[in-house]
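Novice: Below: one structure in structure tokens.
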Amino acid sequence: MKRTTKSDAGTHRGHIVVGTGDVDVMRKWIMTCGVLPLLCVVAAESVLAQTADDKAGTPRIEVSSSQWDFGTIFRNQTLTEAIEIRNRGKAPLTLDATTSCGCVIPLFLQTTVEPGQSTVLSMEFKGVIKYGPTAQTLIVLSNDPQSPEHVIRIVGDVVPMFNTEPDPPLIIGRVYTNEKIRERVVLTNNYPRPVSLKLRENQNFGPMKIELRELDAGQRYELLASADPPLRRGGIRFDVVLETGLEWHPELKLRASGIALRPIYAIPFQIVVASNVTEARTREIVVNHAPGLDVKVTGVKATPKPLSATYEPIPADPDNPDAGKYRITVQVPLPDDIDWEQKPRIEIMTDAKEEAWRKITVPLKLFDVSAAVKMAPGQLAPATAPTTAPAE
């Protein structure tokens, strides 16, 4: 293969000539030529191109590391690492950076590096992301034409300061208003030194009583959550805040969640009727009750007419105990045919022993679609809009 290359000695065919002053270039070229002739040509061209860049006055970046493995980090903890960036070129090197996550913060000691000089890139990782292994990237941007982007991988594991058993904690789930609530959470310290936990004062836990007990000084604790019947029907949701005494991680937060249902209940809690409906529709209500109860539906009443409803038992399904015990079929007329001033509703009668459980009321609510469409951004929905709160 004949190639033509211009150098200090002029133009030559069939071989490559380098200037007498390029000793380092010649050494690299000769070492490569000892492998394969083709590689010899390619390597020589690459080296000479780099040398030409240097003579033309271009920067050349050299980064001391391409990965930061920080091991483990606790939630809310901050770790830092520094790497060296050197300019091996013949012109000033300008630097910038971009990251894959706001949890990574880059800081250059200098953003312009003169030829032959170096600077330090400080990387800060904040453990504010979800628990588990993480892999982020920091890309160093520069005016080096050969390497405008240099990727640095940042890997490690975000772990909680305390493990909880069960995990997640305080998932109360579904309970009934006539039941007790008794939940226990064990917290085990992962931090390398003891941590003294205490309940923050003046917290509102609703009907729940919360206690924190130390099992092993600074290492293991138990959190007890309890409530006695009758429970208030509806959602159970609150936070338990534990103070740690650590400046960088002042508190732990455990979220409790669940729902308290009457032992006999109907789903949905209400029937929503859109104002733009153009034909009568059929809606279903499912009646269920807590395990162990022997309760039957004895009748239904729809008010006012022409609203109507019928009921029938649902065949038992051993694989799905939550399928319901009775199905209420409601014939909903057109919105204009319903007298909304009479508070339309479906009343379901049962043979329960407790008087409070002998009637379940499912109201109908009108949703004014035209008013909702006309609302400006940020306005509240009209008063007749559906809600998720169970009706009494």
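Novice: Which of the following residues is part of a loop (DSSP other than H, G, I, E, B) and exposed (fewer than 13 other Cβ atoms within 10 Å of the Cβ): ARG232, ARG237?
Specialist: The match here is ARG232.
Novice: Continuing with the same structure: Just checking, which of VAL362, VAL273 is assigned to a strand (DSSP E or B), buried (at least 18 other Cβ atoms within 10 Å of the Cβ), touching a Leu at 6+ places or on another chain (Cβ under 6 Å) and modelled with pLDDT of 95 or more?
Specialist: Testing whether each residue is assigned to a strand (DSSP E or B), buried (at least 18 other Cβ atoms within 10 Å of the Cβ), touching a Leu at 6+ places or on another chain (Cβ under 6 Å) and modelled with pLDDT of 95 or more leaves just VAL273.
Novice: I need the full set of residues from segment 89-111 which are of a type in the set (Val, Ile, Thr), loosely packed, with under 14 Cβ neighbours inside 10 Å and under 14 Å from GLU149 (Cβ atoms), in order please.
Specialist: THR98
Novice: Next question, about the same structure. When you look at ARG213, is it free of Cβ contacts under 8 Å to residues at least 24 places away in the same chain and more than 25 Å from ILE73 (Cβ to Cβ), yes or no?
Specialist: For ARG213, the condition - free of Cβ contacts under 8 Å to residues at least 24 places away in the same chain and more than 25 Å from ILE73 (Cβ to Cβ) - is met.
Novice: Which numbered condition trips up GLU222, out of (1) closer than 30 Å to PHE269 by Cβ; (2) not in a loop (DSSP other than H, G, I, E, B)?
Specialist: Answer for GLU222: the failing condition is (1).
Novice: Residues of segment 112-154 being within 30 Å of TRP248 (Cβ to Cβ) and either exposed (fewer than 13 other Cβ atoms within 10 Å of the Cβ) or aromatic (Phe, Trp, Tyr) (or both), which ones?
Specialist: PHE125, LYS130, TYR131, GLY132, PRO133, ALA135, VAL151 - these are the residues of segment 112-154 that are within 30 Å of TRP248 (Cβ to Cβ) and either exposed (fewer than 13 other Cβ atoms within 10 Å of the Cβ) or aromatic (Phe, Trp, Tyr) (or both).
Novice: Look at GLU279 and say whether it is of a type outside the set (Phe, Trp, Tyr) and not in a strand (DSSP E or B).
Specialist: Considered against the rule, which asks whether it is of a type outside the set (Phe, Trp, Tyr) and not in a strand (DSSP E or B), GLU279 comes out as yes.
Novice: Here is a list of conditions, (1) closer than 13 Å to GLU183 by Cα; (2) within 31 Å of the chain's Cα centre (by Cα), and GLN219 meets all of them except one; can you say which number that is?
Specialist: It fails just one condition, (1).
Novice: Kindly list the number of the only condition in (1) closer than 19 Å to HIS249 by Cα; (2) without any contact (Cβ under 8 Å) to a residue 40 or more places away in the chain; (3) out of contact with any Pro (no Cβ under 8 Å at 6 or more places or on another chain) that fails for LYS198.
Specialist: Condition not satisfied by LYS198: (2).
The values are calculated or read from the model by the stated rules, or taken from the named source; none is laboratory data. Worth saying up front: this structure is predicted, and the values here are computed from it rather than measured. All Cβ positions, even for glycine, are placed from backbone atoms using ideal geometry, and neighbour counts span all protein chains on display.
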